[in-house]
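As structure tokens, the structure follows; a few thoughts come after it.
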Amino acid sequence: MSSQVAFQIPVIDFTDENLKPGTQPWFSASQLVRSALEVNGCFCVKSNKIPMEICNSVFALSKEVFDLPLHTKKQKVSDKPNHGYVGGNPRVPLYETMGIDLDSPSNEEAIQKFANIMWPSGNDHFCEKINLYVKFLEEMDQTAKRLLFDAYGLAKKSCDSLLESTNYLFRGFKYSAPQKTESNIGLIPHTDSTYFTILQQNNVAGLEVKLKNGEWITIDPSPSLFIILAGDAFKVWSNGRITACEHKVIIREEKERYSIGLSSFNSKMVETLEELIDEDHPRLYRAFDHYEFVAFRTTVKSPTEISKFYLL
């Protein structure tokens, strides 16, 4: 294990062959995950389980999608807010994102469906690479969650229950280089509505996270690192123990910026785990439908208004 450049954000090596439940490396990693999420709401992961060739291909394919005509991109719609194509927002004009819902019967089917919308004649190369990449990120998400559950001393079946009700969303992000007269804000400060958001960058800096002390730090954009951000769902699940990571994107270079990643949602209800409620930690939040919350967040802007949705 090592430290992020600013040393407040730990880096955990998921390639450690000894990182298995019941071992000392697993216990140490679980405590580090819990501490990082409770203090700043995020940590970085180093892993070579997926070849860099796959990552490079997915970045190139993401660019290929964003280079498609606008009318083609707009055909990707979803009944869930921000799960399709999003762009052209005057508040963040540099920002575009494209999502692939992975809650179909299989990832392969969902990815194929998306490819058929973007390329009516199909794109087998796209489907193959995205499917491989998504499987890797799902494994990373599940490892991170099992480490967290173990850190709280929770039963394996408790984690299994959450994983069984998890829906994933794969997303690509593009940030255009600002013109001289434009703002360099890629995304305004916010938290995510997710349990975890996993992001991989591609050597162009821009992602910044807010630490507990109020300081903003830039996350190393090396594609060899993945950052895992806790969202509002894990704050509610943990009864306020976990911090929902506030982050933003600032474009400081005169070049386009791309990132890719995976977000996790609950197909059922988001609720505080009973084991994390006691006399010293009374229940703070009500249970809610995750996708109703995602929809609600599109109607309000301030963190105070957002938190009213789930506060008792």
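The values are calculated or read from the model by the stated rules, or taken from the named source; none is laboratory data. This structure is a prediction, so every number in the text was calculated from the model and none was measured. When we count neighbours, we look across all protein chains shown, and the Cβ atoms used for this are built from the backbone with ideal geometry, even at glycine.
If we scan the stretch 166-179, do we find a residue that is surrounded by 14 or more Cβ atoms within 10 Å (Cβ to Cβ), in contact (Cβ under 8 Å) with a residue 40 or more places away in the chain and more than 29 Å from residue 295 (Cα to Cα)?
Scanning the stretch 166-179 turns up at least one residue that is surrounded by 14 or more Cβ atoms within 10 Å (Cβ to Cβ), in contact (Cβ under 8 Å) with a residue 40 or more places away in the chain and more than 29 Å from residue 295 (Cα to Cα).
Kindly indicate which of 135, 156 is within 19 Å of the chain's Cα centre (by Cα), among the basic types (Lys, Arg) and farther than 30 Å from residue 217 by Cβ.
Details: 156 fails: within 19 Å of the chain's Cα centre (by Cα).
Unique residue meeting the criteria: 135.
Kindly evaluate residue 111 against the criterion of being modelled with pLDDT under 95 and among the hydrophobic types (A, V, I, L, M, F, W, C). Full working, then the answer.
Numbers: modelled with pLDDT under 95: no; among the hydrophobic types (A, V, I, L, M, F, W, C): yes.
Criteria not met by residue 111.
Restricting to the stretch 123-142, what's the tally of residues that are acidic (Asp, Glu) and buried (at least 20 other Cβ atoms within 10 Å of the Cβ)?
Final tally of qualifying residues: 1.
What about residue 70, is it touching a residue at least 60 places away in the same chain (Cβ under 8 Å) and either hydrophobic (A, V, I, L, M, F, W, C) or farther than 23 Å from residue 170 by Cβ (or both)?
No; evaluated as a whole, the condition is false for this residue.
What is the one condition in (1) at positive phi; (2) in contact (Cβ under 8 Å) with a residue 60 or more places away in the chain that residue 88 does not satisfy?
(2)
Could you list, in sequence order, all residues of the stretch 191-227 that are of a type in the set (Gly, Ala, Ser) and closer than 30 Å to residue 292 by Cβ?
Answer for the stretch 191-227, where residues must be of a type in the set (Gly, Ala, Ser) and closer than 30 Å to residue 292 by Cβ: just 193.
Need pairs with beta-carbon distance below 8 Å; first residue more than 20 Å from residue 265 (Cα to Cα) and within the stretch 275-304, second among the hydrophobic types (A, V, I, L, M, F, W, C) and part of a loop (DSSP other than H, G, I, E, B); sequence gap 6+ or separate chains.
The qualifying pairs are 275/154; 283/277; 283/312; 284/312.
Scan the stretch 240-277 residue by residue and report those that are assigned to a loop (DSSP other than H, G, I, E, B), charged (D, E, K, R), at pLDDT 95 or above and over 26 Å from residue 201 (Cβ atoms).
Within the stretch 240-277, 241, 271 qualify.
Can you tell me which residue among 62, 57 is touching a strand residue (DSSP E or B) at 6+ places or on another chain (Cβ under 6 Å), surrounded by 16 or more Cβ atoms within 10 Å (Cβ to Cβ) and polar (S, T, N, Q)?
The match here is 62.
Residues being more than 14 Å from the chain's Cα centre (by Cα) and either among the aliphatic types (A, V, I, L, M) or assigned to a loop (DSSP other than H, G, I, E, B) (or both): count how many of those fall in the stretch 220-239.
Of all residues in the stretch 220-239, those more than 14 Å from the chain's Cα centre (by Cα) come to 220-224, 235-239.
Narrowing the set further to residues that are either among the aliphatic types (A, V, I, L, M) or assigned to a loop (DSSP other than H, G, I, E, B) (or both) leaves 220-224, 236, 238-239.
Looking only at that region, the number is 8.
Scan (1) among the hydrophobic types (A, V, I, L, M, F, W, C); (2) touching a residue at least 12 places away in the same chain (Cβ under 8 Å); (3) over 30 Å from residue 182 (Cα atoms) for the single condition residue 94 breaks and write down its number.
Result: residue 94 passes all but (3).
In the stretch 15-114, which strands (runs of 3 or more DSSP E) lie fully inside it and hold 1 or more residues that are within 22 Å of the chain's Cα centre (by Cα) and under 24 Å from residue 140 (Cβ atoms)?
Because the criterion is at least 1 residues that are within 22 Å of the chain's Cα centre (by Cα) and under 24 Å from residue 140 (Cβ atoms), the strands (runs of 3 or more DSSP E) in the stretch 15-114 that meet it are 42-46, 95-101.
Could we say that residue 209 is surrounded by 15 or more Cβ atoms within 10 Å (Cβ to Cβ), in contact with a His (Cβ under 6 Å, 6 or more places away or on another chain) and either farther than 24 Å from residue 35 by Cβ or of a type in the set (A, V, I, L, M, F, W, C) (or both) here?
Yes, satisfied.
Can you tell me which of (1) exposed (fewer than 15 other Cβ atoms within 10 Å of the Cβ); (2) within 17 Å of the chain's Cα centre (by Cα) is the one residue 274 doesn't meet?
Result: residue 274 fails condition (2) only.
With among the aliphatic types (A, V, I, L, M), out of contact with any Cys (no Cβ under 7 Å at 6 or more places or on another chain) and at pLDDT below 95 as the only criterion, which of 37, 19 stands out?
19
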